[in-house]
Amino acid sequence: MAKQPHRLLRPLLAAALVPFLLSGLLSGCTEKTPNGTPVDVTLKDFSITPTAQTVRAGDIVVRVSNEAPVTHEFVVVRTDLPADGLPIAPDGLSVNEEWLSHVGEVPENPAGGTKDLVLNLPPGQYVFFCNLEGHYLGGMHAVLEVTA
């Protein structure tokens, strides 16, 4: 009979621990907001508009919102060239990314989509652009200056 209380305590103890165990497991499943200076960027057909033109060096979170009716991409390169002076690829319709210092990109952002791009940027000039055929030439580019 002395073992009877232990049989009752084990299920009660297990039931009491379940909420703590589940909260620990589920906390790893939630999406965390990335840390860094936020820069919102809006993509529309033939324009890229960032909310900031200058930010301080360090972690930057670029939130890319595609308000256009078609898919766009978002490429970031470090360069001293003007945004409208990037080298054109042999196809004559896109930027030759091989000649530039690639920093990061969102390869496909569908119409109505929003994606975050987390970057750690040292001081310098960065150009944002869409490199789908003809989009860069149509004006889809912008500059971000990163200061010390």
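Computed from the coordinates by the stated procedures, all read-outs in this text should not be read as laboratory data. The shown structure was predicted, so the numbers you read here are calculated from the model rather than taken from an experiment. Cβ coordinates were reconstructed from backbone atoms using ideal geometry, including for glycine residues, and neighbour counts include every protein chain displayed.
Hey, could you check the range 50-81 for residues that are in contact with a His (Cβ under 9 Å, 6 or more places away or on another chain) and not polar (S, T, N, Q) and say which is nearest to Gly36 (Cα to Cα)?
Only one residue tops the list, namely Val64.
Under 6 Å between Cβ atoms, at least 6 apart or on separate chains: pull out the pairs that start in the range 80-109 with a residue that is in contact (Cβ under 8 Å) with a residue 12 or more places away in the chain and farther than 12 Å from Tyr126 by Cβ and end on any residue that is among the hydroxyl-bearing types (Ser, Thr, Tyr) and surrounded by 14 or more Cβ atoms within 10 Å (Cβ to Cβ).
Val95/Tyr136; Glu108/Thr71
Just the residues that are among the small types (Gly, Ala, Ser) and under 23 Å from Asp116 (Cβ atoms), please, taken from the range 60-97.
Once the filter is applied, which keeps residues that are among the small types (Gly, Ala, Ser) and under 23 Å from Asp116 (Cβ atoms), the range 60-97 yields Ser65, Ala68, Ala83.
Looking for something of a type outside the set (S, T, N, Q), assigned to a strand (DSSP E or B), touching a residue at least 24 places away in the same chain (Cβ under 8 Å) and in contact with a helix residue (DSSP H, G or I) (Cβ under 8 Å, 6 or more places away or on another chain) - is there at least one such residue anywhere in the range 71-78?
The answer is yes; a qualifying residue exists.
Within the range 135-142, does at least one residue satisfy the condition of being within 19 Å of Pro38 (Cβ to Cβ) and assigned to a strand (DSSP E or B)?
Checking the range 135-142: at least one residue is within 19 Å of Pro38 (Cβ to Cβ) and assigned to a strand (DSSP E or B).
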